[in-house]
Amino acid sequence: MATVYAIANQKGGVGKTTTALNISACIAEAGYRTLLVDVDPQANATVGLGIARTQSPGLYEVLTGEATAEEALTDCSVAGLQVIPAGAGLAGANVELPRIEGFEQRVRERLQPLRERFQYILLDCPPSLGPLTVGALVAADRVIVPVQTEYFALEGLAGLLDTLALIQRELNPRLTVAGMLLTMHDNRTRLGRDVEREVREHFPDLVFSTVIPRNVRVGEAPSYGLPVTHHDPHSAGAEAYFELAKEVAARG
Ligand code: ADP
Ligand code: MG
């Protein structure tokens, strides 16, 4: 039975997609049956794993019922990792979904048949708290929150945790926070170190000890359609993601 992780933060550009595809790649490489679902209409995870943006059926067709989740399974540049790409019309899903009775449950219901088949399912969320993100959080057992170590890092985090608590109370009692992940960290700057300290002080026990450094290889990997763990496995970024995958697995 799969454990389902949502990678979520309503802020854009904090490293959600990068984290989702690199953890997925590490776990798949370790031999676990792993699925990455691209829940973001921008389809960055889809493209970052070497799949065409227009690949269908994808999540959109799965949500509308035009395809089953099984039919949408797609191979990618990482051996052993399967993907449900975003699908051609996913942008419209944020408008269409709320019109469906019980739409909050739709992602969970549609992915349910795959839970036997995979050990890990990761959901790469869009940068909003809209219906697609809510759907992903209802489908998830755990949520990983990437936090960029920048000046406004803490802003929005308290609100996000409130939203997660609300979803847990009203819609998904299984949901727990796996952890916050500090990303794009620059340990050489005082700002980077200050933000790390501040986030750890505010949320003791909640922050992964692994920190993802800002690293050129991480940024360029998607242009090759590869996770950094395959693009340059010995880079600082790749090593950090290998560490993180171990930490995520160890936290259970
Ligand atoms: P999100 O999914 O939260 O919007 P992304 O994962 O797409 O964020 O990251 C935003 C941008 O920053 C992307 O261009 C990505 O390649 C780059 N990036 C992410 N993590 C790193 C890192 N550790 N070092 C350098 N660039 C990074
Ligand atoms: Mg993204």
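The values are calculated or read from the model by the stated rules, or taken from the named source; none is laboratory data. Here the structure is a predicted model, which means the values were calculated and not measured. Using ideal geometry, Cβ is built from the backbone for each residue, glycine included, and neighbour counts are taken over all protein chains shown.
Residues that are more than 13 Å from LEU226 (Cα to Cα), away from ligand 2 (no atom under 16 Å from the Cβ) and either of a type in the set (Phe, Trp, Tyr) or surrounded by 24 or more Cβ atoms within 10 Å (Cβ to Cβ) (or both) are absent from region 44-58 altogether.
Could you list, in sequence order, the residues of region 197-237 that are in contact with a strand residue (DSSP E or B) (Cβ under 8 Å, 6 or more places away or on another chain), aliphatic (A, V, I, L, M) and either within 15 Å of ligand 1 (Cβ to nearest atom) or closer than 12 Å to THR18 by Cα (or both)?
Narrowing region 197-237 to residues in contact with a strand residue (DSSP E or B) (Cβ under 8 Å, 6 or more places away or on another chain): 199-200, 203, 206-208, 210-214, 236-237.
Among the residues that remain, those that are also aliphatic (A, V, I, L, M) are: 199, 206-207, 211-212, 236.
Correct list: VAL211, ILE212, ALA236.
When residues in region 1-43 are screened for being touching a strand residue (DSSP E or B) at 6+ places or on another chain (Cβ under 8 Å) and within 11 Å of ligand 2 (Cβ to nearest atom), 16 of them pass.
Scan region 41-49 and give yes if some residue there is farther than 21 Å from VAL248 by Cβ, in a helix (DSSP H, G or I) and modelled with pLDDT under 95, otherwise no. Let's see the steps before the verdict.
The initial filter retains those residues of region 41-49 that are farther than 21 Å from VAL248 by Cβ, namely 41-43, 46-47.
Filter once more, so that each one left must be in a helix (DSSP H, G or I): 46-47.
Checking the rest, the ones that are also modelled with pLDDT under 95 come to none.
No.
The numbered conditions (1) within 23 Å of LEU137 (Cβ to Cβ); (2) more than 16 Å from ligand 1 (Cβ to nearest atom); (3) within 18 Å of the chain's Cα centre (by Cα) are all true for LEU49 except (2). Specify which of the listed residues (ALA93, ALA67) is out of contact with any strand residue (DSSP E or B) (no Cβ under 9 Å at 6 or more places or on another chain), part of a loop (DSSP other than H, G, I, E, B), crowded, with 18+ Cβ neighbours inside 10 Å and among the aliphatic types (A, V, I, L, M). Result of the check over ALA93, ALA67: ALA67. Mind checking which residues of region 163-190 are away from ligand 1 (no atom under 16 Å from the Cβ), over 19 Å from the mean Cα position of the chain (by Cα) and without any contact (Cβ under 8 Å) to a residue 60 or more places away in the chain? Of everything in region 163-190, those that are away from ligand 1 (no atom under 16 Å from the Cβ), over 19 Å from the mean Cα position of the chain (by Cα) and without any contact (Cβ under 8 Å) to a residue 60 or more places away in the chain turn out to be LEU166, ARG169, GLU170, PRO173, ARG190.
Kindly establish whether ALA93 is aliphatic (A, V, I, L, M) and within 16 Å of ligand 2 (Cβ to nearest atom). So ALA93 passes the test.
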